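Undergrad: One structure, pasted below without further comment.
What follows is calculated from the coordinates using simple rules that are stated; it is not laboratory data. Owing to the predicted nature of the structure, the values given are computational and were not obtained by experimental measurement. Here the Cβ positions follow ideal geometry from the backbone for every residue, glycine too, while neighbour counts run over all protein chains shown.
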Amino acid sequence: MNRDRRLRIAILNRHFGARFGGAERYSVALVEQLAARHEIHVFAQEIEHDFPGVSYHRVSRPFPKPRWVNQLWFAGRTWWLTRQGFDVVHSHENTWHGQIQTVHVRPFRVGVFHGRSPFRRALKWLNILTSPRLIVYWLLEAARFWPLPDRRIVASSESVRDELLTGYPQIAGLLSVIPPGVHLPVAAPDRAGQRRRLGLPQDVPLALFIGNDYEKKGLPALLAALGILSGLHLAVVGNGAHIPAFRKRAESLGVADRVHFLGSLSDVTPAYEAADLLVHPTTEDTYAMVVLEALAHGLPVVVSAPAYCGIAADLKDGREALIVADPRDPAQIAACVRRILDDAPLAAALGAGGRNFAAGCGWDAIAARQEALYLMLAAVARA
């Protein structure tokens, strides 16, 4: 394999920038790692990124809503724009084209049918067949995972791989797992300075929550747990559109004065450096890059069990994180947080154990695995 060959690569993301979510940060990090060795072209509808050597192409969005129409438009438009002139097309979206398809979420087919009774499956079929939106999602996904000799499917976690094989067993020979990576900070955090810059209180214990979907990532249960944890403050980073509703929820629980909504941050590093721990009681996360990033920053972490959060399957409870069996139970969340706040040696051990775990997940090694796929597929295309 000629690792010195410079490839022309198209990257497809509807949103390209670190603040949009974990899947987008995954794509951004890979682009930054590989831009020096290959000619990278990003095709996106929203672009919040500027990196040397990367070419950006803004894809039109004539139909912002409904979402399914825009998804179909993006797939069709990027097919037209990348149909020739590229060695590899790498899609992070539901598209029928692209030699590499990286999957960050549960497959639509599995979410709709898996674990349901025959009667409920029949009802779901009826629902799909009478809904243009669901038909489009179904067909796009089926085309995306159609087994072609020059196509490879990349799952971003072991749990995504397992669900892909449940819904599409025919892709087993094309499937690999490339999990997210992380950059290990080299400088000691300036906690006081970062709290001052973010407008956070200084001399209080501070937990951190990061997620664009506040409901799915477990903020309701965490706010309820905050009511049990007197004195603890909480910084919330994520989609600002959810702030008014959750501010009202915090007020109803009597914890509003200890909850600090920061909205979306293009760089989340200051939030990690300002916090004492990360709490991620997600109810649905295929991996959770925020957990890996918090571990890299040496933060003690409270995270949902593997049934809810993919990265938890790789972590040792009590050594690298504290794992919550039921993230919907505020009492369980509060108990884990209380252990960290009341036991300084445990907090220090978790921080060290988490950082050691993150040290084995560097983006350079992850990018090398992705690059090997690019080179292999380019060689297949030339053969």
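Undergrad: Quick one: compute the contact order of the chain, relative version, from alpha carbon pairs under 8 angstrom and 6+ residues apart, as a percent.
TA: 15 percent
Undergrad: Once a ≥ b ≥ c are taken as the square roots of the eigenvalues of the Cα gyration tensor of the chain, is the result rounded (a/c under 1.5), prolate (a/b larger than b/c) or oblate (a/b not larger than b/c)?
TA: Since a/c reaches 1.5 and a/b is larger than b/c, the shape of the chain is classed as prolate.
Undergrad: OK, next. If R₀ is 41 angstrom, what is the calculated FRET efficiency for the pair L253 and D150, using the beta carbon separation as r and rounding to 0.05?
TA: Rounded to the nearest 0.05, the efficiency is 0.15.
Undergrad: Additional query: Neighbour counts of other C-beta atoms within 10 Å: give me W73, W146 arranged from fewest to most.
TA: The most exposed by this proxy come first: W146, W73.
Undergrad: In whole Hz, what ³J(HN,Hα) sequence does segment 243-250 give by Karplus (6.51, -1.76, 1.60; θ = phi - 60°), x for Gly and Pro?
TA: 4, x, 5, 7, 5, 5, 5, 5
Undergrad: While we're looking at this one, here's another question. Listing S304, S131, S157, S117 from the residue with the fewest other Cβ atoms within 10 Å to the one with the most, what is the order?
TA: Numbers: S304 30, S131 13, S157 23, S117 8.
Fewest to most other Cβ atoms nearby, the residues stand as S117, S131, S157, S304.
Undergrad: Taking amide H positions as placed 1.01 Å from N in the peptide plane, with prolines and chain starts having none, which residues 5 or more places from Q99, or on another chain, fall under 5 Å of its amide H?
TA: V89
Undergrad: Moving to a separate point now. Residue farthest toward the positive end of the dipole of the chain, with Cβ of Lys/Arg at +1 and Asp/Glu at -1: which of L30, L139, T95?
TA: Highest projection toward the positive end goes to L139.
Undergrad: Would you mind calculating the gained length between K124 and Q202 on full extension (0.36 nm times residue separation, minus the Cα-Cα distance), in nm to one decimal?
TA: 22.9 nm
Undergrad: Find how much the distance from D213 to A331 grows on full extension, using 0.36 nm per residue of separation minus their present alpha carbon separation; answer in nm with one decimal.
TA: 40.3 nm is the gain from fully extending D213 to A331.
Undergrad: Now for a different question. Could you check the simple spin-label distance between A344 and A36, using points 7 Å along Cα→Cβ, in nm with one decimal?
TA: Taking the two extended label points, one gets 4.1 nm.
Undergrad: Also, I was wondering about something else. Tilt of helix 344-359 relative to the longest C-alpha principal axis of the chain, in degrees (0 to 90, nearest 10)?
TA: Roughly 10 degrees, rounded to the nearest 10.
Undergrad: Here is a follow-up. Size of the dipole of the chain about the Cα centre, Lys and Arg at +1 and Asp and Glu at -1 on the beta carbon, nothing else charged, in debye to 20? Present the calculation step by step, with values, prior to reporting the outcome.
TA: Working: 43 positive and 35 negative charges, 261 e Å.
Charge dipole, the chain, about its Cα centre: 1260 debye, nearest 20.
Undergrad: Here's something else I'd like to know. Suppose every Lys and Arg Cβ carries +1 and every Asp and Glu Cβ carries -1, with no other charges. What dipole size does segment 270-337 come out with about its Cα centre, to the nearest 20 debye?
TA: Values: 3 positive and 10 negative charges, 23 e Å.
The dipole magnitude comes to about 120 debye.
Undergrad: Under 18 Å from a point placed 7 Å out from the Cα of A352 along the Cα-to-Cβ direction: which residues of segment 188-220 have their backbone N that close?
TA: Counting only backbone N, you get 188-189.
Undergrad: What FRET efficiency do you get for L139 and R8 if R0 is 25 Å and r is their Cβ-Cβ distance, rounded to the nearest 0.05?
TA: Approximately 0.30, to the nearest 0.05.
Undergrad: Cα centroids of segment 221-275 and segment 147-200: how far apart, whole angstrom?
TA: 25 Å
Undergrad: Next up: If you look for lysine pairs in the chain that are eight or more places apart or on different chains, how many of them have Cα atoms under 25 Å apart?
TA: Details: K65/K124; K65/K216; K65/K217; K124/K216; K216/K248; K216/K316; K217/K248; K217/K316.
For the chain, the number of qualifying lysine pairs is 8.
Undergrad: Let me ask something else. Could you tell me the center-to-center distance, by alpha carbons, between segment 67-90 and segment 295-359 in angstrom?
TA: 40 Å
Undergrad: Contour minus end-to-end for S131 and Q170, with contour as 0.36 nm per residue of separation and end-to-end as the Cα-Cα distance?
TA: On the way: separation 39, 0.36 × 39 = 14.04 nm, distance 2.65 nm.
Result for the pair: 11.4 nm of gain on full extension.
Undergrad: Would you work out if segment 191-359 is rounded, prolate or oblate? Take a ≥ b ≥ c from the square roots of the eigenvalues of the alpha-carbon gyration tensor; rounded if a/c is under 1.5, else prolate when a/b is larger than b/c, oblate otherwise. Don't skip to the answer; put the middle values down first.
TA: Details: a/c = 1.35, a/b = 1.20, b/c = 1.12.
Rounded.
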